[in-house]
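The values are calculated or read from the model by the stated rules, or taken from the named source; none is laboratory data. Nothing here was measured: the structure is a model prediction, and the numbers come from that model. Using ideal geometry, Cβ is built from the backbone for each residue, glycine included, and neighbour counts are taken over all protein chains shown.
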Amino acid sequence: MSDRTRGPAKSRQQSAIAMAALLAAMVATDVTWAQAAAQPVPALQSPSAASAPAPQSEPAPRPDPVPRENPGLLNEIGKLLEKPASMLPALKSPKETIDDAAGAISRLTKSPGVKGRVACPVAPNGAPDCKAAADKLCQHNGFKEGRSLDVDTTRNCSAKALLSGRKPDESECRTDNYVTRALCQ
């Protein structure tokens, strides 16, 4: 299976594992450096000093059974990575993600609201006022107000203009708008 078909959850998990391994290596290296720096470096001695008896040194202190905490950045990152599940959000399987998307799409495509047919009155500026028609459609169905979802537009011409045999001009026809579906509140 190629890496592209594994999905984002698999690649996030692999990234988290790789980061944890890298951090563990960095912390281990940091501890090793700290221990190497703590050990004394033997001084170069002259040949005459080498033949002289070495002064008695105190026995090396035993390391603490509990390592002391290093308050550095790497230590803090290490603490975070001890519980990687708490860092990452809960991941859904690909099937769950697809099911969620399908549910959202089906909710959007279903026909919400009420259906009917109410004419949009003409506003003072000459445009159709379909908000008033949507409110009227919703109030007729027991709601307070609404917004138009579907509008039907028709062109109505007088019978005289249609039967004259010529193309009717704009003065002989009018455009009517109707709200056919509204989202009610």
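Annotation note: of E96, E76, the sole residue that is exposed (fewer than 14 other Cβ atoms within 10 Å of the Cβ), at pLDDT 85 or above and of a type in the set (D, E) is E96.
For the range 112-168, what are the residues that are more than 12 Å from R181 (Cα to Cα), outside any strand (DSSP E or B) and among the hydrophobic types (A, V, I, L, M, F, W, C)? Listed by number, the residues that qualify are C120, A123, A127, A132, F143, A159, A161, L162, L163. Cβ-Cβ contacts under 9 Å between residues 6 or more apart (or on different chains), taken from a first residue in the range 81-95 that is polar (S, T, N, Q) to a second residue that is at pLDDT below 75 and part of a loop (DSSP other than H, G, I, E, B), are listed as S93/G7. If the condition is being of a type in the set (D, E, K, R) and at pLDDT 75 or above, then the range 83-93 contributes only K92. Of all residues in the range 147-175, those being surrounded by 14 or more Cβ atoms within 10 Å (Cβ to Cβ) and of a type in the set (S, T, Y) number 1. Looking across the range 176-185, just one residue is modelled with pLDDT of 90 or more and loosely packed, with under 14 Cβ neighbours inside 10 Å, and that is D176. Scanning the range 133-170 for residues that are within 11 Å of V114 (Cβ to Cβ), polar (S, T, N, Q) and modelled with pLDDT of 90 or more returns a single hit, Q139. Looking at the structure I just gave you, is G103 in a helix (DSSP H, G or I) and modelled with pLDDT of 75 or more? Yes; evaluated as a whole, the condition is true for this residue. The C-beta contact set for the range 152-166 (first residue farther than 30 Å from K131 by Cβ, second residue among the acidic types (D, E) and surrounded by 10 or more Cβ atoms within 10 Å (Cβ to Cβ), distance under 7 angstrom, 6+ apart or interchain) comprises A161/E172.
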